[in-house]
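*Asks:* One structure, as structure tokens, below. Some questions next.
None of the figures in this text is laboratory data; all of them are computed from the coordinates on show. Since we're looking at a predicted model, the values are computed, not measured. Cβ atoms come from the backbone with ideal geometry, glycine included; neighbour counts cover every protein chain shown.
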């Protein structure tokens with residue numbers, strides 16, 4: 001019995017230790033926030049209490065908007081619309097249908113999320129200022145709708161909303177209401193922080209850095225952004241529910257544009273991408289708003305109402321110019337200057353595993369779904385036109401499994417355009433791309449990645465918001481299964497640990513583990529190139545497209561890369577290699593294809609391609625007769 005229970009107790013302690021280590025800052029921060037909210041009602045004046053209560057209410061839509069802007073990279077000016085939908089739905093169900101408070105609140109949040117889903121289906125295909133303008137239009141639609149609809153009380157609004165009762169205790173003063181809303185803000189904080197550090201959160205950060213690279217690793221960016229848009233609306237709807245309870249009336253003011261500006265200001269001042277920053281920004285803007293009511297009329301006599309937007313605009317401009325990272329950046333900078341703030345410790349015991357200087361100690365896993373020699377990738381009539389310019393013209397090519405195909409040609413020959421059409425980054429003008437008997441041409445890169453096709457890029461696509469191991473970790477995306485919900489609930493620690501350990505092993509295989517915890521943007525160009533290859537290998541692809549992987553590498557790094565490619569081919573991985581170093585391609589490739597002006601002019605084994613007159617013409621610029629004469633002369637001398 002003793003032997004049976006001891007491992008269990010040890011395992012439990014290990015889980016507790018790991019949980020504390022992973023969530024220490026979150027738990028401490030939430031503990032401090034709860035303690036402050038408990039103390040405030042006993043120490044603050046009534047006016048300060050009122051500001052604090054509204055700051056906690058608006059912290060919810062600010063957290064939601066921060067997830068949308070900081071993680072998903074989508075600018076929304078319609079957060080007030082979802083805030084109003086939550087508030088109005090809640091008020092209507094309470095006053096007109098006499099439903100229980102929890103039921104009305106739940107339906108209010110769900111109503112905001114449902115509207116977000118319906119409008120997000122088309123809107124999430126927009127980018128940048130187009131999305132901002134579209135969500136701004138949504139805000140005006142909701143504002144006009146509640147003003148003109150009898151059910152919402154038109155301009156009068158809905159009033160007479162009674163305060164809630166918890167365990168028989170009426171929440172009839174600001175102190176009790178602060179304690180009532182605090183647990184929901186804390187839970188929202190924890191859920192948002194968990195999402196930020198989850199598989200989905202990492203994917204969203206990667207999308208912000210390079211959408212194309214993230215898609216090429218299997219991230220369905222449209223679906224993921226839509227989910228976060230809906231989640232953000234849920235946070236706003238919950239804030240609207242508490243707002244309706246606090247003011248006991250819901251009017252069209254809850255949907256006005258200045259409220260969206262205020263929430264946006266909270267996020268920007270707090271710091272994009274920082275959940276804690278959104279909460280801090282909510283407090284600062286609420287206190288700032290109270291100050292504006294005194295300062296603006298003093299500067300502009302008689303100024304009232306929306307003139308306060310002038311003050312908000314000035315503050316927003318100053319923050320963007322002087323502190324683009326917001327309060328989060330200021331706090332981080334200050335912390336780093338403190339004498340006791342040391343460097344961040346390595347994230348994993350694998351980070352500094354001793355390396356052998358002469359061998360590659362760990363070969364990444366290789367997927368071999370097709371027997372060696374069988375077609376794995378087939379290009380049929382592949383063409384790409386840009387108006388009258390033909391970048392790729394009627395390319396037909398079959399890539400056998402378990403081999404290395406070298407794709408070469410002069411600059412501008414169409415090699416990268418071919419790669420982009422194969423991976424889904426470009427839609428062919430004509431022709432098809434068939435991978436593992438599935439037509440993938442004209443579909444998004446994440447579709448090709450889901451079938452096992454991964455690529456690197458001629459122009460580096462580095463995820464600069466994370467460290468080196470975080471970049472490689474993103475290569476494991478399609479190997480994971482945890483989604484947004486599991487990420488918010490923190491139910492993926494085992495999956496994350498496994499993939500993180502695998503990422504360190506791959507870095508070790510390319511002699512990069514000593515830089516695993518460094519910022520990816522701090523690496524030299526050559527090491528960033530190696531890191532990108534590691535990231536592609538982490539996906540365990542069936543077909544690997546390498547676009548100039550040796551560009552910028554030192555001689556030693558080239559040898560390591562070449563040895564890795566040979567061993568991957570031996571293990572059964574199929575590789576298509578674009579490289580300007582023709583000698584290196586000829587020494588590595590089983591077959592070589594040559595493009596010139598978008599046309600496939602030669603295909604075969606390296607020796608036959610090397611001696612093909614058309615290839616000589618393409619590279620040396622001579623005409624075909626001269627090239628054939630030169631080759632004949634060389635053969636005679638040989």
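*Asks:* What FRET efficiency do you get for residue 368 and residue 130 if R0 is 45 Å and r is their Cβ-Cβ distance, rounded to the nearest 0.05?
*Replies:* For residue 368 and residue 130, the calculated efficiency is 0.55.
*Asks:* So for each of 159-166, 580-587 I average, over its residues, the number of other beta carbons within 10 Å; can you give me the resulting order with the highest mean first?
*Replies:* Put in order of decreasing packing, that is 580-587, 159-166.
*Asks:* Taking the convex hull of the Cα atoms, report for region 411-475 its projected area averaged over all directions, in nm².
*Replies:* Average of the hull's projected areas for region 411-475 equals 5.4 nm².
*Asks:* Output the relative contact order of the chain, whole-number percent, from Cα pairs under 8 angstrom with separation of 6+ residues.
*Replies:* 16 percent
*Asks:* Next question, about the same structure. Mind jotting down the distance between the C-alpha centroids of region 315-334 and region 78-119, whole Å?
*Replies:* So the two Cα centres are separated by 34 Å.
*Asks:* Still on this structure: Rank the residues 262, 521, 232 as a footprinting-exposure proxy: fewest other Cβ atoms within 10 Å of their Cβ go first.
*Replies:* In increasing order of surrounding Cβ atoms, one gets 521, 262, 232.
*Asks:* Using Cβ contacts closer than 10 Å as the measure, can you line up 531, 37 from fewest to most?
*Replies:* Exposure proxy ranking, most exposed first: 37, 531.
*Asks:* How would you order 59-69, 504-514 from highest to lowest mean count of nearby Cβ atoms within 10 Å?
*Replies:* My ranking of the peptides, most packed first, is 59-69, 504-514.
*Asks:* Moving to a separate point now. Taking 0.36 nm per residue of separation and subtracting the Cα-Cα distance, what length does fully extending residue 551 through residue 390 add?
*Replies:* Full-extension gain reported as 55.3 nm.
*Asks:* Oh, and also: Quick one: of the DSSP bridges fully inside the chain, what percent are antiparallel, nearest 5?
*Replies:* Antiparallel bridges make up about 60 percent of those DSSP assigns within the chain.
*Asks:* Another question, then. Just to confirm the number: angle between the C-alpha axis of helix 199-209 and the first principal axis of the chain, 0 to 90 degrees, nearest 10?
*Replies:* Roughly 70 degrees between the two axes.
*Asks:* Also, quick follow-up: If I model a spin label as a point 7 Å beyond the Cα along the Cα-Cβ vector, how far apart are those points for residue 329 and residue 434 in nm?
*Replies:* If labels sit at residue 329 and residue 434, their model points lie 5.3 nm apart.
*Asks:* Rounded to the nearest 5, what % of the DSSP beta bridges within region 375-637 are antiparallel ones?
*Replies:* 55 percent
*Asks:* Take residue 571 and residue 605, extend 7 Å from each Cα along the Cα→Cβ direction, and tell me the distance between the two endpoints in nm.
*Replies:* Each label point lies 7 Å from its Cα, and together they span 2.7 nm.
*Asks:* Mind checking the full-extension length gain between residue 587 and residue 118? Use 0.36 nm per residue of separation minus the Cα-Cα distance, one decimal, nm.
*Replies:* Going from the current span to full extension adds 163.3 nm.
*Asks:* Next question, about the same structure. Give me the angle, in degrees from 0 to 90, between the Cα long axis of helix 257-270 and the longest principal axis of the Cα atoms of the chain, rounded to the nearest 10.
*Replies:* 60 degrees
*Asks:* Then there is this: Relative to the present Cα-Cα distance, how much length would full extension add between residue 464 and residue 443 at 0.36 nm per residue of separation?
*Replies:* Answer, rounded to one decimal: 4.9 nm.
*Asks:* Two decimals is fine: what is log10 I(q)/I(0) at q = 0.15 Å⁻¹ for region 188-264, from a Debye sum with one equal scatterer on every Cα and no solvent?
*Replies:* Cα-only, vacuum Debye calculation for region 188-264: -0.68.
*Asks:* Efficiency by 1/(1 + (r/R0)^6): what FRET value for residue 287 and residue 498, r their Cβ-Cβ distance, R0 = 41 Å, to the nearest 0.05?
*Replies:* Here the calculated transfer efficiency is 0.35.
*Asks:* Let me ask you something else. For residue 179 and residue 491, what does the FRET efficiency come to when R0 = 35 Å and r is the distance between their Cβ atoms, rounded to the nearest 0.05?
*Replies:* That pair, residue 179 with residue 491, gives E of 0.75.
*Asks:* Another one. Which whole number of Å³ per residue matches the convex hull of the alpha-carbon atoms in region 375-637?
*Replies:* About 144 Å³ per residue, rounded to a whole number.
*Asks:* Is the C-alpha gyration tensor of region 26-256 telling us rounded, prolate or oblate? Criteria: a/c under 1.5 is rounded; beyond that, a/b larger than b/c is prolate, otherwise oblate.
*Replies:* Taking the square roots of the gyration eigenvalues as a ≥ b ≥ c, region 26-256 is oblate.
*Asks:* Turning to a different aspect of this structure: Over the Cα atoms of the chain, how large are the radius of gyration and the largest Cα-Cα distance (Dmax), in Å?
*Replies:* Rg, Dmax (Cα atoms, Å): 29.6, 104.
*Asks:* Then there's this: Can you compute the modelled spin-label distance between residue 150 and residue 48, with each label point 7 Å from Cα toward Cβ, in nm?
*Replies:* Simple spin-label model gives 4.9 nm for this pair.
*Asks:* To the nearest 10 degrees, how steeply does helix 2-43 sit against the main Cα axis of the chain, on a 0 to 90 scale?
*Replies:* Result, in degrees: 50.
*Asks:* Still on this structure, I have one more. Kindly put 547, 517 in sequence by how many other C-beta atoms sit within 10 Å of each C-beta, fewest to most.
*Replies:* Neighbour counts put them in this order, fewest first: 517, 547.
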